[in-house]
Amino acid sequence: MKYTPLIGKRPFLKGWDTRGFTFDEAFNYPKATGCGLLLGPISDGVMALDFDGPEAIEFYENHFHWDSLLTSTMIWSSGREDRFQVAWTVPQECWEHLYRHPVSKNEKLDFRWTGTQSVMPPSYHPDTKGNYFWVLNEPPLTQIPDEL
């Protein structure tokens, strides 16, 4: 997996989406307050599903099996209520068909891929004044369920 240094929740280096660092390099980069996981092929096919409130949870529950999410792969949160991210690996034969896409109509559930990053634990969250934390299964990742 490849990472980028962040200030708050934002990358600050020119070309951040194509410059991959190790976790330690990104997290300890001068001025950085955390690091973001680069998504897509640069990180060997890691994708994230970003839940941004109860609407995202409701959408997921209405379209997919909740159990496959809760027993699958790594999940982390900023500590804000009903907000968390889930990451999986995607088989290489699917990569050419993927792109960043707000899944639900209200854009509260977001399929994150190339050209995006996800803030990782224990990065600092500017709104909560705390750190991101693991909810379930700190890495390694598992492969995305077929239904997704």
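With both residues required to sit in the chain, DSSP beta bridges show an antiparallel share near 95%.
The eigenvalues of the Cα gyration tensor, multiplied by 5 and square-rooted, give the chain an equivalent ellipsoid with semi-axes of 23, 18, 14 Å from largest to smallest. Distance from the C-alpha centroid of the range 76-102 to that of the range 26-44: 16 Å, rounded to the whole angstrom. Solvent exposure of the chain amounts to 54 Å² per residue of accessible area, where only protein heavy atoms count and the probe is 1.4 Å.
When 50, 24 are compared by accessible area at a 1.4 angstrom probe, the order from most to least is 24, 50. Taking all protein chains in place and a 1.4 Å probe, what share, in percent, of the accessible surface of the chain do carbon and sulfur account for? The C+S portion of the solvent-accessible surface of the chain is 50 percent.
The values are calculated or read from the model by the stated rules, or taken from the named source; none is laboratory data. All of these numbers come straight from a predicted model, not from anything done at the bench. Just the protein is used for accessible areas: all its heavy atoms, side chains included, with ligands, DNA and RNA removed. Shrake-Rupley method; radii C 1.70, N 1.55, O 1.52, S 1.80 Å.
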